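Reviewing the structure listed below.
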Amino acid sequence: MSEIKGQLLGIVLVLMVFAAVSTVMVTTFKNVSNKVSSEVSEVVANAEPTSD
């Protein structure tokens with residue numbers, strides 16, 4: 001019975017680690033995506049031709 005408890009604890013710990021890592025990765029990618037989006041919109045705004 002203790003082997004099953006140990007295996008279940010191991011599985012739960014692995015799932016918790018994967019959840020933590022995936023949360024960090026998603027947050028990082030969202031921040032990078034927002035930064036890239038703002039940079040691209042700034043470049044596009046500066047590249048638009050001016051009407052004289």
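The values are calculated or read from the model by the stated rules, or taken from the named source; none is laboratory data. Predicted model, so just to flag it, every value in this text is computed and none were measured. Neighbour counts are summed over all protein chains in view; Cβ atoms, including those assigned to glycine, are modelled from backbone coordinates with ideal geometry. Heads up: the accessible areas ignore ligands, DNA and RNA and are worked out on the full protein's heavy atoms, side chains in. Shrake-Rupley method; radii C 1.70, N 1.55, O 1.52, S 1.80 Å.
Among 41, 12, 23, which residue has its Cα furthest toward the positive end of the charge dipole of the chain, with +1 on Lys/Arg Cβ and -1 on Asp/Glu Cβ?
12
Note down, for the chain, the three equivalent ellipsoid semi-axes (square root of 5 times each alpha carbon gyration tensor eigenvalue), biggest first, whole angstrom.
Value: 51, 5, 4 Å, ordered largest first.
What distance in nm lies between label points placed 7 Å from Cα along the C-beta direction at residue 13 and residue 33?
Spacing of the two 7 Å Cα→Cβ label points: 3.3 nm.
What's the magnitude of the charge dipole for region 2-52 around its Cα centre, counting Lys and Arg as +1 and Asp and Glu as -1 at the beta-carbon? Answer in Debye, nearest 20.
Dipole magnitude for region 2-52 comes out near 460 debye.
For the chain, which whole percent of the accessible surface, found with a 1.4 angstrom probe, sits on carbon and sulfur atoms?
69 percent
Could you give each residue of region 15-30 its phi-based ³J(HN,Hα) in whole Hz, using Karplus coefficients 6.51, -1.76, 1.60 with θ = phi - 60°, and x for Gly or Pro?
Couplings: 5, 5, 5, 4, 5, 5, 5, 5, 5, 5, 5, 4, 4, 5, 5, 5 Hz.
Suppose all protein chains stay in the model; what accessible area per residue would a 1.4 Å probe give for the chain, in Å²?
95 Å²
Leaving out ligands, DNA and RNA but keeping every protein chain, what accessible area does residue 4 have, in Å² rounded to the nearest 10, with a 1.4 Å probe?
100 Å²
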